[in-house]
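The values are calculated or read from the model by the stated rules, or taken from the named source; none is laboratory data. Predicted model only: the values in this text are computed from it and were never measured. Backbone-built Cβ (ideal geometry, glycine too); neighbour counts: all protein chains shown. In case anyone asks, the SASA skips ligands and DNA or RNA and just uses the protein heavy atoms, side chains included. Shrake-Rupley method; radii C 1.70, N 1.55, O 1.52, S 1.80 Å.
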Amino acid sequence: MADKTLFQKICDKEIPASMVHEDDVCVAFRDISPQAPVHILIVPRKPIPRIAAATAEDAATLGHLLLTAGEIARSEGIADTGFRVAINNGPHGGETVPHLHVHLLGGRPLQWPPG
Ligand code: AMP
């Protein structure tokens with residue numbers, strides 16, 4: 001069996017994280033190096049490496065991640081001021097952890113386009 005990813009270890013509580021949400025499909029925790037006042041990672045328990053590796057079988061999981069992002073944005077108080085969800089894919093996308101995750105960023109105005 002392949003080694004667990006960093007985020008699998010966080011899902012399995014082998015590595016601590018500042019959890020804000022847990023359910024059967026995903027967990028969400030505060031980014032260790034926040035780029036905005038609110039910076040939360042929403043991570044499926046299934047170790048899908050990246051969005052380009054997802055399949056039709058993952059459709060419900062992908063939808064669940066986005067619905068959870070909206071739910072957390074409301075609970076963090078940033079739904080009305082606005083926020084961004086981002087998924088980095090591959091080297092040019094800035095992916096550093098090969099386990100799919102949705103960044104939820106907010107709490108300040110965000111620049112567009114990103115760098
Ligand atoms: P990405 O660059 O899109 O792959 O995002 C990976 C994110 O994981 C980065 O924003 C890191 O700051 C964050 N990160 C790395 N290690 C941890 C950790 N142990 N706990 C929380 N966030 C982490």
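How big is the dipole moment of the chain about its Cα centre under a simple scheme where the beta carbon of each Lys and Arg is +1, that of each Asp and Glu is -1, and everything else is neutral? Debye, nearest 20, please.
On the way: 10 positive and 13 negative charges, 53 e Å.
With only Lys, Arg, Asp and Glu charged at Cβ, the dipole is about 260 debye.
Averaged per residue, what accessible surface does the range 6-106 expose to a 1.4 Å probe, in Å²? Before the final figure, lay out the partial values.
On the way: 5370 Å² over 101 residues.
Accessible surface, normalised per residue, equals 53 Å².
Rounding to the nearest 10 and keeping the result within 0 to 90°, find how far the Cα-based axis of helix 59-76 lies from the longest principal axis of the chain.
Result, in degrees: 40.
Tell me what the chain gives for mean residue ellipticity at 222 nm when only DSSP H runs of n ≥ 4 count, each as -39,500 (n - 2.57), the sum divided by the residue total, rounded to 500 deg cm²/dmol. Display every interim value, and only then the final one.
Numbers: 3 runs with 28 residues, N = 115.
Value at 222 nm, helices only: -7000 deg cm²/dmol.
Say each of residue 30 and residue 62 gets a label point 7 Å from the Cα, pointing the same way as Cα to Cβ; how far apart are those two points in nm?
3.1 nm
With the contact rule set at Cα under 8 Å and sequence spacing of 6 or more, what percent relative contact order holds for the range 45-115? Intermediate results must be reported in sequence, preceding the final value.
Numbers: 58 pairs, mean separation 27.3, N = 71.
Relative contact order for the range 45-115 comes out at 38 percent.
Measuring from a point 7 Å past the Cα of residue 71 along Cα-to-C-beta, which residues in the range 5-31 have an amide N at less than 14 Å?
20-29
Please enumerate, by chain and number, the aspartates and glutamates with C-alpha under 18 Å from the C-alpha of residue 13, excluding those fewer than 8 residues away in the same chain.
Those aspartates and glutamates meeting the cut-off are 3, 22, 23, 24, 31.
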